[in-house]
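Peer 1: Sharing a structure here in structure tokens format.
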Amino acid sequence: MESTGTVLRELRGAQKTAKGVSLYSRYVNRPAGRIFAAAAFRLGMTPNQVTLVSAAFTFASIAALALARPTWGLAVLVWLGLVVGFALDSADGQLARLTGRGGPDGEWLDHVVDCAKMILVHTAVLISFQRSFALPADGWLLLPLGFLFVAVLTFCAGLLREQLGKAAAAGRPEPDGGGPPQAVSRLRAVALLPADYGVFCLVFLLLGDETAFRIGYAALAAVHALFLVAFLAKWFRELKALRAH
């Protein structure tokens, strides 16, 4: 069997493009996922098994968020479980590309887990607000519902943009790939940080202070709502341009 160092080198060569990826995913989540993917390869795991391990970490953290009283200790545990689950979510795709064992079933399972994660994490915040927080007003209970709406709509619209774009491009000649590769914008990578799931996970480190968590969560909800508007306009223009060709 190949050494871990060899596997890591092969994984570095099997990365997705960095275009449209935030600095967190590029420099934190993907490298962490690469280490998990190498470990999974050495253990003989399949990409789908890695996806299920990712789900176990994520859903255990979400359950703790919903059922336990917020403390600083819980804050660290919830954040750590979500971050590990996110890194494993990157590892399954990297392992699939390394081994050539990816397929529509794996992609489907990955999307199902991602969708469930987005629904449940905001639902858990709502439950925690209701059970454990001394909210200044009942209107705060609407915040997780609004954030849930934004997260699910962004996910579904982005997935549809990707699939409809592929369908529209099917059968067309590939564009000329000559010339140097396009540079990846670092400014764009920085601008995308607030929309990155890994950055979203950081807000749970504030769980030990109810006011700090509410303010941080509300700020992220507002930023994600602004990103949703921008993404919807961008994706609509891109799909309309495909129809014109």
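Peer 1: For region 26-43, check the following and say yes or no: at least one residue is out of contact with any Ser or Thr (no Cβ under 7 Å at 6 or more places or on another chain) and within 22 Å of Leu159 (Cα to Cα).
Peer 2: Within region 26-43 (the criterion being out of contact with any Ser or Thr (no Cβ under 7 Å at 6 or more places or on another chain) and within 22 Å of Leu159 (Cα to Cα)), the answer is yes, since at least one residue qualifies.
Peer 1: Taking region 85-105 as the region of interest, how many residues are free of Cβ contacts under 8 Å to residues at least 40 places away in the same chain and surrounded by fewer than 23 Cβ atoms within 10 Å (Cβ to Cβ)? If you could, list the steps in order and put the result at the bottom.
Peer 2: Within region 85-105, the subset free of Cβ contacts under 8 Å to residues at least 40 places away in the same chain is 85, 100, 103-104.
From what's left, surrounded by fewer than 23 Cβ atoms within 10 Å (Cβ to Cβ): 100, 103-104.
Residues that pass the stated criteria total 3.
Matching residues to (1) hydrophobic (A, V, I, L, M, F, W, C); (2) surrounded by fewer than 17 Cβ atoms within 10 Å (Cβ to Cβ); (3) part of a helix (DSSP H, G or I):
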residue: Val203; (1), (2), (3): yes, no, yes
residue: Gly208; (1), (2), (3): no, yes, no
residue: Val223; (1), (2), (3): yes, yes, yes
residue: Leu232; (1), (2), (3): yes, yes, yes
residue: Phe236; (1), (2), (3): yes, yes, yes
residue: Leu239; (1), (2), (3): yes, yes, yes
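Peer 1: All but one of (1) closer than 25 Å to Arg30 by Cβ; (2) open to solvent by less than 70 Å² (accessible area, probe 1.4 Å); (3) at pLDDT 85 or above hold for Ala189, so report the exception by its number.
Peer 2: So the condition that Ala189 fails would be (3).
Peer 1: A follow-up question, please. Among the listed residues Ala151, Ala167, identify the single one that is modelled with pLDDT under 90 and over 14 Å from Trp235 (Cα atoms). Walk me through it before giving the result.
Peer 2: On the way: Ala151 fails: modelled with pLDDT under 90.
Ala167 is the lone residue from the list that is modelled with pLDDT under 90 and over 14 Å from Trp235 (Cα atoms).
The values are calculated or read from the model by the stated rules, or taken from the named source; none is laboratory data. This structure is a prediction, so every number in the text was calculated from the model and none was measured. When we count neighbours, we look across all protein chains shown, and the Cβ atoms used for this are built from the backbone with ideal geometry, even at glycine. Accessible surface is based on the protein model in full, side chains and every heavy atom, while ligands, DNA and RNA are left aside. Shrake-Rupley method; radii C 1.70, N 1.55, O 1.52, S 1.80 Å.
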